[in-house]
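Data first, discussion second: the structure below is written as structure tokens.
The values are calculated or read from the model by the stated rules, or taken from the named source; none is laboratory data. Because the structure is a prediction, the values reported are computed rather than measured. Cβ atoms come from the backbone with ideal geometry, glycine included; neighbour counts cover every protein chain shown. Side chains are part of the model used for accessible areas, which takes the heavy atoms of the whole protein and leaves out ligands, DNA and RNA. Shrake-Rupley method; radii C 1.70, N 1.55, O 1.52, S 1.80 Å.
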Amino acid sequence: MTGSSDLRTMRMPLNHGGGHIPALGFGTLIPDPAVTITATRDALEAGFRHFDCAERYLNEREVGEALQAGLAAGGLAREDIFVTTKLWNCNHRPERVEAAFEASLERLRINYLDLYLIHTPFAFQPGDEHDPRDEHGNVLYDDGVALPDTWKAMEALVDQGRCRAIGLSDIGLDQLLPIYESARIKPAVVQVEAHPYLPETELLEFCKAKGIVLLAFAPLGHGIRPGPIDDPVTKAVAARIGKTPAQVLLAWAVQRGTALLTTPKSAARARENFNISSLPEDAFEEINRIPTRQRLNQVVKTGIPGFIPRGK
Ligand SMILES: NC(=O)c1ccc[n+]([C@@H]2O[C@H](COP(=O)([O-])OP(=O)(O)OC[C@H]3O[C@@H](n4cnc5c(N)ncnc54)[C@H](OP(=O)(O)O)[C@@H]3O)[C@@H](O)[C@H]2O)c1
């Protein structure tokens, strides 16, 4: 980690010369286009410098518009922010990867990417339909492409200098291991659901040992109630140290060595979620000892996103 002991500005090194990723990231999985713009702008103003996007979120244009306006208004340069986007399941065939990447860059109005992720390890029928289904409503998977082939196309983007780092998302250790072993350019980041109810400890230990950053999504539990944000332990710790439950969970995530993505949708929440500081050791251990185990997003089992409306 670099940047200081200030959790708000903590940055983590990425392998293969990929620079540094700010630990505290803003996620753009926001279905409403107008809210995408205001929330992205508010996050930038609050201090977030890491923005997580995806072709599948169908709002890269809005994120790009908000970032461009926000950078200009704040006197910031492109290099001051870290931008990630993700290759969707219908673009796993190697010959589709570069075009999907370029289309994302065009929508985001940027000319390089800090991080490009394979959104899920599941390949869907190749084409422009994000959610291909048969007449019974079953997803049409593509057995004509294997993950290592998609990975090679991702490596080529790094070779061309078009993106600084590559990684995977919604992947378990069992699928990550063979990619890690065979990759010429090792994954720099693995993005998965992680919070006190799903600590992913084994995956985190593997990532730490190999210099991979584990990037936790749903650190507040996706807003699902009941969930880790209203767990009695979280609430008690928050009351004791004078922080909010959200601030406790976000601090816990950074302190245990993950980067994270959170999605505040108002200016007040953006400031709240950015304004985190280290938990005292006993509070950190109390959160570690929460016994509940619950996965909130099933995308890792099917490649079907849990919180995105159907349709292209
Ligand atoms: N790779 C994947 O498959 C995948 C899957 C899911 C997400 N992601 C990424 O991860 C990002 C974060 O995931 P997430 O949206 O689940 O994050 P999250 O921050 O855990 O959950 C967001 C929810 O928490 C609520 N919230 C935010 N700040 C709060 C606060 N201070 N106090 C109380 N509630 C608060 C929001 O409520 P309101 O809506 O009321 O503001 C919203 O319902 C996404 O935007 C996306 O970039 C990736």
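Among the residues of region 31-65, those that are under 18 Å from the mean Cα position of the chain (by Cα) and small (G, A, S) comprise A39, A43, G47, A54, G64.
Among the residues of region 112-131, those that are more than 20 Å from the chain's Cα centre (by Cα) and either more than 19 Å from L147 (Cα to Cα) or not in a strand (DSSP E or B) (or both) comprise Q125, P126, G127, D128, E129, D131. Tell me, please, whether a residue that is more than 19 Å from V299 (Cβ to Cβ) and not in a helix (DSSP H, G or I) can be found in region 135-142. Yes: one or more hits.
Taken over region 149-166, residues that are within 16 Å of the ligand (Cβ to nearest atom) and out of contact with any Phe, Trp or Tyr (no Cβ under 8 Å at 6 or more places or on another chain) amount to 1.
Here is a yes/no grid of residues against (1) within 16 Å of the ligand (Cβ to nearest atom); (2) of a type outside the set (S, T, N, Q); (3) farther than 19 Å from T40 by Cβ:
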site: E65; (1), (2), (3): no, yes, no
site: A72; (1), (2), (3): no, yes, no
site: I81; (1), (2), (3): yes, yes, no
site: L105; (1), (2), (3): no, yes, no
site: L115; (1), (2), (3): yes, yes, no
site: H119; (1), (2), (3): yes, yes, yes
site: F124; (1), (2), (3): yes, yes, yes
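Residues in region 208-223 that are under 15 Å from L296 (Cα atoms) and open to solvent by less than 50 Å² (accessible area, probe 1.4 Å) were compared, and the one that is farthest from the ligand (Cβ to nearest atom) is A216.
Looking at (1) closer than 23 Å to E285 by Cβ; (2) within 16 Å of the ligand (Cβ to nearest atom); (3) part of a loop (DSSP other than H, G, I, E, B), which one does A253 not meet, given that it meets all the others? Among (1) closer than 23 Å to E285 by Cβ; (2) within 16 Å of the ligand (Cβ to nearest atom); (3) part of a loop (DSSP other than H, G, I, E, B), the lone unmet condition for A253 is (3).
Yes/no per residue for (1) open to solvent by less than 60 Å² (accessible area, probe 1.4 Å); (2) assigned to a helix (DSSP H, G or I); (3) at pLDDT below 95; (4) under 27 Å from V189 (Cβ atoms):
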site: Q247; (1), (2), (3), (4): yes, yes, no, yes
site: R269; (1), (2), (3), (4): no, yes, no, yes
site: E272; (1), (2), (3), (4): yes, yes, no, yes
site: A283; (1), (2), (3), (4): yes, yes, no, no
site: I290; (1), (2), (3), (4): yes, no, no, yes
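Does P245 qualify as being closer than 27 Å to K152 by Cβ and either within 15 Å of the ligand (Cβ to nearest atom) or in contact with an Asp or Glu (Cβ under 7 Å, 6 or more places away or on another chain) (or both)? Answer is no for this residue.
Of all residues in region 26-80, those satisfying the criterion of being of a type outside the set (A, V, I, L, M, F, W, C), in contact with a Pro (Cβ under 9 Å, 6 or more places away or on another chain) and in a loop (DSSP other than H, G, I, E, B) are P31, R49, N59. When G17 is tested against (1) closer than 20 Å to V190 by Cβ; (2) modelled with pLDDT of 95 or more, just one condition goes unmet, and that condition is (2).
Residues in region 190-202 that are away from the ligand (no atom under 11 Å from the Cβ) and either open to solvent by less than 10 Å² (accessible area, probe 1.4 Å) or at pLDDT below 95 (or both): P196 only. Consider region 14-34 and keep the residues that are open to solvent by 50 Å² or more (accessible area, probe 1.4 Å) and either in contact (Cβ under 8 Å) with a residue 40 or more places away in the chain or in contact with a Leu (Cβ under 7 Å, 6 or more places away or on another chain) (or both). The one that is nearest to the ligand (Cβ to nearest atom) is L29.
Going by the structure shown, is L203 out of contact with any Phe, Trp or Tyr (no Cβ under 7 Å at 6 or more places or on another chain) and part of a strand (DSSP E or B)? Spelling it out, it is not the case that L203 is out of contact with any Phe, Trp or Tyr (no Cβ under 7 Å at 6 or more places or on another chain) and part of a strand (DSSP E or B).
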